[in-house]
Amino acid sequence: MWGGSKLSSSGRRFLGGLRAGFRSTQADSSRLTTSAAIYKRSSFFISSSTPGHIKDGKILANLRVYPKNQLSWILQVKPWVFNENRIMWSKSYSMTFACLNWMKNYRLPWTRPYSTSRTTVDSSEVKTFLALAHRWWDEQGVYAPLHSMNDLRVPFIRDNLLKTVANHQPGKPLSGMKILDVGCGGGLLTEPLGRLGASVIGIDPVDENIKTAQHHKSFDPVLDERIEYRTCSLEEIVQDTAEMFDAVVASEVVEHVIDLETFIQCCFQVLKPNGSLFITTINKTQLSYALGIVFSEQIAGIVPKGTHTWEKFVSPEKLESILESNGLSVQTVVGMLYNPFSGYWHWSENTSLNYAAHALKSSLQEHPAPAEFALKGETEELQAEASTNSGVQEELKK
């Protein structure tokens with residue numbers, strides 16, 4: 001992750017190389033201009049059918065002799081090279097400015113607006129959950145483990161959010177906070193967060209899931225005011241909800257998306273500075289395959305077959321790497337274990353199966369985005385040096 005507003009050592013070496021290229025260009029071009037001026041002041045123009053060579057300027061030329069009163073002399077210049085870098089000057093010039101323009105327009109991953117042309121939604125996953133949309137609130141059915149998981153994940157979210165506020169209302173500790181529940185399904189986690197006083201928006205790409213969630217919350221007038229449901233993906237609301245939420249919750253979601261990097265980038269963009277991201281998911285281990293897929297889906301039938309794809313599971317180390325590289329600082333990673341016989345979850349130091357993670361969005365002061373402005377000063381300096389070479393181009397056109 002970027003740190004501070006100064007350029008890294010590799011960045012400084014890169015810009016130093018560009019500056020050296022410009023200075024070398026200017027020096028060699030000055031010699032070229034001087035040589036051309038000498039030929040133009042001569043009483044006759046040198047040329048020959050035998051190619052001549054100018055060693056100091058590294059110019060290869062075909063020259064012929066013309067009397068002074070005849071047509072202007074002709075200098076047919078072949079491609080020339082720099083003494084050290086062996087790069088065609090005009091090519092170096094255009095490539096350098098192309099690079100400068102790229103650096104000027106470049107924006108760090110977490111500061112670039114997200115393009116909605118890409119999606120994180122897997123259409124095959126949508127079909128799987130569409131078939132189960134009517135079973136969300138059956139506490140003894142296929143979603144029983146998620147109902148039981150609320151005993152861990154709700155306090156986990158609540159307690160970490162309360163660390164960021166000085167005071168809170170008894171009975172409604174999350175009052176005044178805005179939370180986005182991504183992949184909310186039937187609202188199993190959305191409703192408990194609403195009961196804690198938060199204003200919650202639940203989103204899900206499966207329309208039938210949203211209909212189930214809306215129907216269930218309609219029985220509680222308080223929740224009906226605090227909770228809003230939308231049928232959409234996260235990337236579809238990024239631009240309209242930039243830096244709107246105090247917290248984003250993605251519980252049992254990231255193992256179903258097709259582009260985790262993009263998903264995390266979107267989470268970052270909708271969070272307020274110092275906002276919290278909460279994730280619960282499944283580790284990518286041999287044990288998670290044996291218990292999470294073979295046993296849970298194919299043998300015990302705890303969850304329907306095809307619910308999970310092992311290749312999409314993500315390890316805590318990989319998840320932390322993605323979070324940190326996208327401006328999110330990991331605060332906590334803790335293991336979760338489910339007992340299929342008792343139907344209860346408990347915390348564990350072992351993260352080889354399920355785990356929960358909490359990350360904070362870096363504050364504005366800690367963002368490396370000002371490096372764009374640090375590059376601006378270097379770019380302007382290089383452009384000033386390059387402007388002195390404009391006379392060389394004019395001289396060559398004559």
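The values are calculated or read from the model by the stated rules, or taken from the named source; none is laboratory data. Just so it is clear, the structure is predicted and the values come from calculations on it, not from any experiment. Backbone-built Cβ (ideal geometry, glycine too); neighbour counts: all protein chains shown. Calculation scope for accessible area: heavy atoms of the full protein, side chains included, ligands and nucleic acids excluded. Shrake-Rupley method; radii C 1.70, N 1.55, O 1.52, S 1.80 Å.
You will find that of 306, 301, the residue that is within 21 Å of residue 336 (Cα to Cα) and modelled with pLDDT under 95 is 301 and no other. Checking each residue in the stretch 122-148 for being of a type in the set (Asp, Glu) and either farther than 28 Å from residue 262 by Cβ or in a helix (DSSP H, G or I) (or both) picks out 125, 138, 139.
Within the stretch 339-356, residues that are over 20 Å from residue 312 (Cα atoms) reach no partner that is part of a loop (DSSP other than H, G, I, E, B) and modelled with pLDDT of 95 or more with beta carbons closer than 7 Å at six or more positions or on different chains.
Taking the residues in the stretch 334-351 that are more than 16 Å from residue 276 (Cβ to Cβ) and within 27 Å of the chain's Cα centre (by Cα) as candidates, determine which candidate is least open to solvent (accessible area, probe 1.4 Å). By that ranking, first place goes to 335. Would you say residue 267 is under 28 Å from the mean Cα position of the chain (by Cα), at negative phi, not hydroxyl-bearing (Ser, Thr, Tyr) and not in a loop (DSSP other than H, G, I, E, B)? So residue 267 fits the description; yes. Residue count for the stretch 157-174 under the criterion of being touching a residue at least 24 places away in the same chain (Cβ under 8 Å) and under 28 Å from the mean Cα position of the chain (by Cα): the result is 5. Quick check on my filter: what residues within the stretch 211-240 are among the hydrophobic types (A, V, I, L, M, F, W, C), assigned to a helix (DSSP H, G or I) and more than 33 Å from the chain's Cα centre (by Cα)? Selection gives 222, 223. Just one of (1) surrounded by 15 or more Cβ atoms within 10 Å (Cβ to Cβ); (2) without any contact (Cβ under 8 Å) to a residue 24 or more places away in the chain fails for residue 224. It is (1). Taken together, 234, 223 contain a single residue that is touching a strand residue (DSSP E or B) at 6+ places or on another chain (Cβ under 7 Å) and at pLDDT 95 or above, which is 234. Which of the residues that make up the stretch 283-316 are touching a residue at least 60 places away in the same chain (Cβ under 8 Å), surrounded by fewer than 16 Cβ atoms within 10 Å (Cβ to Cβ) and under 22 Å from residue 348 (Cα atoms)? Across the stretch 283-316, the qualifying residue is only 287. Restricting the stretch 107-136 to residues that are among the hydrophobic types (A, V, I, L, M, F, W, C) and within 20 Å of residue 297 (Cα to Cα), the residue that is modelled with the highest pLDDT is 136.
Of all the criteria given as (1) in contact with a helix residue (DSSP H, G or I) (Cβ under 8 Å, 6 or more places away or on another chain); (2) at pLDDT below 90, the one not satisfied by residue 365 is (1). Is it the case that some residue within the stretch 189-210 is of a type in the set (S, T, N, Q), assigned to a loop (DSSP other than H, G, I, E, B), more than 28 Å from the chain's Cα centre (by Cα) and farther than 24 Å from residue 325 by Cα? Within the stretch 189-210, none of the residues are of a type in the set (S, T, N, Q), assigned to a loop (DSSP other than H, G, I, E, B), more than 28 Å from the chain's Cα centre (by Cα) and farther than 24 Å from residue 325 by Cα.
Among the residues of the stretch 241-264, those that are more than 17 Å from the chain's Cα centre (by Cα) and part of a helix (DSSP H, G or I) comprise 255, 256.
Does residue 280 qualify as being of a type in the set (Val, Ile, Thr), part of a loop (DSSP other than H, G, I, E, B) and under 30 Å from residue 165 (Cα atoms)? Considered against the rule, which asks whether it is of a type in the set (Val, Ile, Thr), part of a loop (DSSP other than H, G, I, E, B) and under 30 Å from residue 165 (Cα atoms), residue 280 comes out as no.
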